[in-house]
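Asker: Have a look at the structure that comes next, please.
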Amino acid sequence: MSIALSPDEIKRRAEALGPWFHNMDLNGVWTAPDHFLGDYPGVKFRGFGHVVPADLSGKTVLDIGCNGGFYALEMKRRGASRVLAVDVDEDYLAQARFAAEVTGLDIEFAQLSVYDVAALGERFDLVVFMGVLYHLRHPLLALDLIHQHVAKDLLLFQSLQRGSAEMMDVPENAAFWDVAMFDRPDYPKLHFIEHRYADDPTNWWAPNASCSAAMLRSSGFDILEHPEEEVFLCRRRDMDIPMWSGPVYPARGPETKKEAGR
Ligand SMILES: C[S@@+](CC[C@H](N)C(=O)[O-])C[C@H]1O[C@@H](n2cnc3c(N)ncnc32)[C@H](O)[C@@H]1O
C-alpha cells in the first residue's frame with residue numbers, strides 16, 4: 001500500500017534522502033530534478049525495456065545494485081510475484097525503500113554485496129545486474145557467482161563501456177604468433193582505471209562492447225538480445241565447470257582443506 005503523503009512532504013523527504021542517482025517520478029515529485037542525464041534511468045529504460053518480458057507475473061526477480069530502486073519498481077510494475085532488491089549502500093537502500101513506499105509497490109530489500117549472493121540460497125527467474133560490473137574490482141568473479149548461485153533463467157545486464165561498439169566474432173583458438181587481432185579495436189578489451197574516471201574512484205573498469213559480450217558468454221550467459229550498446233539480455237546456460245576454475249570466494253584456505261578431509 002502506498003503511504004499518503006502530500007507532494008510537499010514527498011519533496012521534503014526525498015531531499016533529505018538525497019542526492020539521488022535515480023531520477024524518479026514519485027507521485028509527481030522528481031527525486032533528482034537536476035540530474036545531469038535528465039530523466040535517467042527512465043530515458044534509458046524506454047530504449048531497451050521492450051526486450052524484458054512485459055508480463056512477469058509468477059516470476060521472481062533479484063535486482064543487484066538496486067540504487068534508488070528504479071529497475072526493482074519497474075519489474076514489480078510488470079507483475080513480478082516477488083522482487084528482492086539488494087545494494088551495498090544503506091543510503092541508496094533507504095531511497096529505494098522510500099520510493100517503494102510512496103508508489104505502493106511491494107518490494108523486499110536487503111543490504112548485500114554481489115559477492116555474497118550465495119547467502120540468499122535461492123535462484124531467481126530474472127536477475128537484474130545493471131551498472132554494477134565496472135564498479136567492481138573483481139567483475140568476472142561477480143558474474144561467476146551470479147551464475148553459480150542466483151541466476152535461474154534471464155539476466156538483464158548493463159555496463160559502462162568505452163572503446164569500440166563493434167562486436168568481434170572471437171576465434172575459438174589462435175596461434176601463438178597471431179598477435180594482430182589483439183590490436184583490433186573490436187577485440188574484447190577491459191580497460192583498467194587505476195585512479196579515477198568521471199570523478200568516481202569506484203569506476204575500476206571500462207569494457208568495450210565485445211568484452212561485455214565475451215565476459216557474459218564465458219560466465220555461462222548466452223546473449224538473447226543486445227538492444228543498445230551497453231545492454232544485454234541473456235539466458236543462463238548450464239556449464240560444466242571444473243572445481244578448480246569456478247568462483248573461489250571466500251578464498252579456500254587451510255580450514256577448507258581440513259573440512260574436505262584433505
Ligand atoms: C551506477 S549504480 C547502478 C544502479 C542501477 N542498477 C542502475 O543501473 O541504474 C551502481 C550501484 O551498484 C552498487 N554497488 C556497488 N558495488 C556493489 C556490490 N559489490 N554489490 C552490490 N551493489 C554494489 C552501488 O551502491 C550503486 O547503487
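What follows draws every value from the coordinates through simple rules; no lab data is involved. Nothing here was measured: the structure is a model prediction, and the numbers come from that model. Note that we place each Cβ from the backbone using ideal geometry, even for glycine, and neighbour counts take in every protein chain shown.
Asker: Quick one: order Leu93, Leu62 by neighbouring beta-carbon count within 10 Å, fewest to most.
Answerer: Numbers: Leu93 21, Leu62 30.
Going from sparsest to densest Cβ surroundings: Leu93, Leu62.
Asker: Given the -39500 (n - 2.57) contribution per DSSP H run of 4+ residues, what per-residue ellipticity at 222 nm results for the chain, rounded to the nearest 500 deg cm²/dmol? Spell out each step's value before the answer.
Answerer: Values: 7 runs with 63 residues, N = 262.
Estimated from H runs of four or more residues: -7000 deg cm²/dmol.
Asker: So who's got an amide H within less than 5 Å of the one on Asn203, skipping anything under 5 residues away but keeping other chains? H placed 1.01 Å off N, in plane.
Answerer: Tyr197
Asker: By count of other Cβ within 10 Å, fewest leading, how are Val170, Val52, Val127 ordered? Before the final figure, lay out the partial values.
Answerer: Working: Val170 16, Val52 21, Val127 25.
The most exposed by this proxy come first: Val170, Val52, Val127.
Asker: Let me ask you something else. When a/c reaches 1.5 or more, the comparison of a/b and b/c decides; with that in mind, is region 1-48 rounded, prolate or oblate per its Cα gyration tensor? Display every interim value, and only then the final one.
Answerer: Numbers: a/c = 2.74, a/b = 1.60, b/c = 1.71.
Note, shape of region 1-48 comes out oblate.
Asker: Quick one: if the Förster radius is 41 Å, what FRET efficiency do Glu9 and Glu172 give, using the C-beta to C-beta distance and rounding to 0.05? Numbers along the way, then the final one.
Answerer: Details: r = 60 Å, r/R0 = 1.46.
It comes to 0.10.
Asker: Mind listing the phi-derived Karplus ³J(HN,Hα) values for region 171-180, rounded to whole Hz, using 6.51, -1.76 and 1.60 with θ = phi - 60°, and x for any glycine or proline?
Answerer: Working through the residues one at a time gives x, 5, 7, 8, 6, 3, 8, 7, 9, 4 Hz.
Asker: List the GluC sites (Glu not before Pro) within region 26-131 that DSSP assigns to loop and that have no more than 14 neighbouring Cβ atoms inside 10 Å.
Answerer: Passing both the DSSP loop test and the Cβ count: Glu122.
Asker: Still on this model: Near the amide H of Asp63, under 5 Å away, which other amide H atoms are found, from residues 5 or more places off or on another chain, if H is placed in the peptide plane?
Answerer: Close amide H contacts, sequence-distant or interchain: Leu84, Ala85, Val86, Val128.
Asker: What fraction of the Cα pairs in the chain, stated in percent, has a spacing above 27 angstrom? Working shown, then result.
Answerer: Details: 14266 of 34191 pairs.
More than 27 Å apart: 42 percent of the Cα pairs in the chain.
Asker: Here is a further query. Restricting attention to region 62-143, which chymotrypsin sites (Phe, Trp or Tyr not before Pro) occupy a DSSP loop and are surrounded by at most 10 other Cβ atoms within 10 Å?
Answerer: Details: sites: Phe70, Tyr71, Tyr92, Phe98, Phe109, Tyr115, Phe124, Phe129, Tyr134; in loops: none.
Taking region 62-143 and a limit of 10 other Cβ atoms within 10 Å, no loop chymotrypsin sites (Phe, Trp or Tyr not before Pro) are found.
Asker: Kindly express, to the nearest 10 degrees and within the range 0 to 90, the angle between helix 209-218's C-alpha long axis and the longest C-alpha principal axis of the chain.
Answerer: It is inclined by approximately 70 degrees.
Asker: Further question on the same structure: Note the angle between two axes, namely the Cα long axis of helix 90-103 and the longest principal axis of the Cα atoms of the chain, as a number of degrees from 0 to 90, rounded to the nearest 10.
Answerer: 50 degrees
Asker: Taking the number of other C-beta atoms within 10 Å as the exposure measure, put Cys66, Cys211 in order starting with the fewest.
Answerer: Details: Cys66 29, Cys211 25.
In order of increasing Cβ crowding within 10 Å: Cys211, Cys66.
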